[in-house]
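Here is the structure we will look at, set down as structure tokens.
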Amino acid sequence: MLKIVQKKLKDWITKIGMFQKYFGEQYCIDNFNFTDEEITQYYEKFKKEISRKTTKIEILDKYFEFLYSLDEFKKVGYVKPFYIKRDDLFDEDFNKRMKEISKEITMKLLNK
């Protein structure tokens, strides 16, 4: 599962017309007050995180959230998929199934 998520992040970065290095730099600029040297060091960390077998999914989720927020992502017509749970309208089985459908759609879109 981890390898699939890492590959999907790399694929999405490419799909929006970015290089991994530029994505990593933009992430730093947006989230930290780093010097150029620190940005370079962070990029090395980022490269490992998107390849290493021990990377936590939560770390990759941060990068996906940043990806979804980028103008480049929005310009190519992509939107972040999500499901809004409404207990007041639907029962638990329905909510569970809709969440599964949302995940399936997301995975299909990521596999394009």
Checked against (1) at pLDDT 85 or above; (2) open to solvent by 80 Å² or more (accessible area, probe 1.4 Å), residue 89 satisfies every condition except (1)
What's the total number of residues in segment 1-32 that are out of contact with any Lys or Arg (no Cβ under 9 Å at 6 or more places or on another chain) and assigned to a helix (DSSP H, G or I)?
16
With the condition kept exactly as written, say whether any residue in segment 30-48 is open to solvent by 100 Å² or more (accessible area, probe 1.4 Å), closer than 26 Å to residue 76 by Cα and free of Cβ contacts under 8 Å to residues at least 24 places away in the same chain.
no
Sole miss for residue 51 among (1) modelled with pLDDT under 80; (2) closer than 20 Å to residue 2 by Cβ is condition (1)
Out of the residues in segment 49-61 that are farther than 13 Å from residue 10 by Cβ and not charged (D, E, K, R), which is most open to solvent (accessible area, probe 1.4 Å)?
54
Residue 8: passes all of (1) touching a residue at least 40 places away in the same chain (Cβ under 8 Å); (2) of a type in the set (Lys, Arg); (3) farther than 15 Å from residue 73 by Cα but (3)
Just wondering, is there one or more residues in segment 98-112 that are touching a Leu at 6+ places or on another chain (Cβ under 8 Å) and modelled with pLDDT under 90?
no
Would you call residue 45 at pLDDT below 80, within 18 Å of the chain's Cα centre (by Cα) and part of a helix (DSSP H, G or I)?
no
Only residues in segment 62-76 that are open to solvent by 40 Å² or more (accessible area, probe 1.4 Å) and at pLDDT 90 or above count as the first member; pair them with residues that are of a type outside the set (D, E, K, R) and not in a helix (DSSP H, G or I), Cβ under 6 angstrom, at least 6 apart or cross-chain, and list the lot.
none
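The values are calculated or read from the model by the stated rules, or taken from the named source; none is laboratory data. This structure is a prediction, so every number in the text was calculated from the model and none was measured. Note: ideal-geometry Cβ built from the backbone for every residue, glycine included; neighbour counts use all protein chains shown. In case anyone asks, the SASA skips ligands and DNA or RNA and just uses the protein heavy atoms, side chains included. Shrake-Rupley method; radii C 1.70, N 1.55, O 1.52, S 1.80 Å.
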